[in-house]
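Heads up: the structure comes next, in structure tokens.
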Amino acid sequence: MDKVTVDEVDAVDRSQRAPPRRRFRDLPGPPTVPFFGNALAIDPTSAHEQFAAWAEKYGPYYRLRVGPRPLLVISDHEVIASVLRDRPLRFRRPTNSGTIIREMGFEEGLFFANDEVWKRQRRMVMAALDPGHVKAFFPMLLTVAERLRGRWEKAARAGTEIDLQADLMRYTVDVVAGLAFGTDVNTLESDADVIQRHLNMIFPALGRRVLSPFPYWRYFKRPADRALERSVREVRAAIETFVAAAKERLREDPARRERPGNLLEAMIVAAEESGAAADSDVAGNVFVMLIAGEDTTANTLAWLLDFLHRHPEAMARARDEVRQVVPDLAALTLNSLSELRYVDACIQETLRLKPVAPLLPSQAIADTTVGDVDVPAGTYVVGLMRRDSLDERHFADPMRFDPERWLAEGATASRSPARVSMPFGAGARLCPGRYLSLVEMKIAIATVLANFEIERVGTRDGSPARELLIFAMAPVGLRMKLKPGAGRVEARSP
């Protein structure tokens, strides 16, 4: 009888303890049709809801196919977190996203880039978005907030309803253009919305093309594709203008290199100092700031105001906190914003219930394992970012808007809400604009709650706002009616 070594015994013991691994092709999933796979069954504007419904039927791991592309869909937040943390070593951004962006006529930017391009750009963008630079740009944020207050004061005095998402997108476009690019487009006061209109053409096209089983636009153009090309030309021209103006300011005033006046200038300086990033990298990230900085923050603010109106106790507590911590918005600072703990909890709870990115895709670089599933190289791994956030195993009464859960003792422990809800992602590819977005949201909410009473937020027919997935998940048809608040205070432009 052969001798059995200790190592062999340990190996047998480990194999008995380890759960059996599954093959990707053996996973359950909805039926496919030839060539298209599941593509014909997917509506890009509600894909997040369809994917969640399939998870209820097929479990936390299931497979899809969109044309030739295999998709592994997962909803276990711990497995999703492990995939996100393993970027960029084991997983990357889906390569077709970058291809589509380049076909549209834009450079990838940090959000879509991979490999060496991502590494080259990351340092530049992170340097431009660090808290120190945001602090320097803070007066511009207050200027835009004052314009938002002025626009909504006119509506309150006239008793007219506000198209909530449209106005909040004006706010975020003005912030991005002013704070990030040094360009005062002032859509809040002028009603100009050229960039916004063209971005609204680009977002839906990006979503449709990412989920398309066949790149038809490479072979023939529909009227919508020709309209998209016109919008791309307009946005590219605006980006070139932003970059040229920033470079001219740096040439005329070399001292700005030490203290850049906006994020674009900071990116240009960081790119030049690194010696690796190119003008195309800067332009690509201007585009990313426009698409990521407009919809995501505006949509979250719209959902938040809807939640606050439907929960009067939360509204009253948030309003009282704002008026106590910031009695004079002209004196608002980053430090005072950090004291708005309940407002922050309201934002986190909104992001849990209505994450702007409910689907987060990655792509396996090589053959690997996700959870207990063996996944071939090139497989798209799609994380359902909201499913566990709405599961009673992780949250008591999970569908309830309850900011208190973010203030409870132990909220930073291993089972904290933040470990389940990951609206900004995780790992090295955590959203670099997270800090700026939270600052924007707190300033906007402080402006509203300090100056107005919210009379109504809702759709025209009173039904809940429908979720629409167009790059970011947006509410459809939310309108707001305000009246001047008894304790109103004005923020003066610095």
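Read-outs throughout are calculated quantities, based only on the coordinates presented, and are distinct from any laboratory measurement. As the structure is a prediction and not an experimental result, all values here were calculated from the model. Cβ placement follows ideal geometry from the backbone for every residue including glycine, while neighbour counts extend to all protein chains displayed.
Exposure proxy ranking for 247, 119, based on other Cβ atoms within 10 angstrom of each Cβ and starting from the fewest, stands as 119, 247.
With both residues required to sit in the chain, DSSP beta bridges show an antiparallel share near 85%. Rounded to the nearest 10 degrees, the angle from helix 263-274 to the longest Cα principal axis of the chain is 50 degrees. From most to least packed by mean Cβ count within 10 Å, the peptides 354-363, 212-221 give 354-363, 212-221. Considering only Cα atoms, the convex hull volume of segment 316-441 works out to 130 Å³ per residue. FRET efficiency for the residue 116 to residue 400 pair, using the beta carbon distance and R₀ = 56 Å, is estimated at 0.75. Amide H contacts of residue 162: 480, 481, each under 5 Å away and 5 or more positions distant or on a separate chain (H built 1.01 Å from N in the peptide plane; Pro and chain starts excluded). The order of 187, 333, 99, going from fewest to most other C-beta atoms within 10 Å of their C-beta, is 333, 99, 187. The mean sequence separation of alpha-carbon pairs under 8 Å and at least six residues apart, normalised by the residue count of segment 19-484, gives a relative contact order of 26 percent.
Charge dipole of the chain (Cα centre as origin; +1 on each Lys and Arg Cβ, -1 on each Asp and Glu Cβ, all else neutral): 820 debye, rounded to the nearest 20. Note on residue 483: lysines with a C-alpha under 27 Å away, same-chain residues under 8 apart excluded, are 154, 354, 442.
Ignoring solvent entirely, what values of log10 I(q)/I(0) come out of the Debye formula for segment 319-385 at 0.19, 0.23, 0.28 Å⁻¹ when each Cα is a single scatterer? Values returned for q = 0.19, 0.23, 0.28 Å⁻¹ are -0.79, -0.95, -1.11. Label zone of residue 272 (point 7 Å out along Cα→Cβ, amide N under 11 Å): in segment 124-159 this covers no residue at all. Could you state the per residue volume, in Å³, of the convex hull enclosing the Cα atoms of segment 19-484? Output value, Cα hull per residue: 154 Å³.
Charge dipole (Cα centre; +1 on Lys/Arg Cβ, -1 on Asp/Glu Cβ; no other charges) of segment 310-461 amounts to roughly 200 debye. Normalised size of segment 146-281, defined as Cα radius of gyration per 2.2 N^0.38 Å with N residues, equals 1.31. Relative to one another, the C-alpha centroids of segment 41-99 and segment 335-376 are positioned 13 Å apart. Label positions at residue 157 and residue 126, each projected 7 Å from the Cα along the C-beta direction, are separated by 4.8 nm.
Between the alpha-carbon centres of segment 126-141 and segment 150-191 there is a gap of 21 Å.
Think of the chain as having a plus end and a minus end, set by charges on the Cβ of Lys, Arg, Asp and Glu; of 336, 211, 462, 211 sits farthest toward the positive end of this dipole.
Along the axis of the charge dipole computed for the chain (Cβ charges of +1 for Lys and Arg, -1 for Asp and Glu, origin at the Cα centre), the listed residues 345, 38, 137 are led at the positive end by 38.
Multiplying the residue separation of residue 102 and residue 32 by 0.36 nm and removing their Cα-Cα distance gives an extension gain of 22.2 nm. Working note: Karplus 6.51/-1.76/1.60 with θ = phi - 60° gives segment 231-248 the couplings 5, 4, 4, 5, 5, 4, 4, 5, 5, 4, 5, 4, 5, 4, 5, 5, 5, 5 Hz, where Gly and Pro are set to x.
Fewest neighbouring Cβ atoms within 10 Å first, the residues 463, 421 line up as 463, 421.
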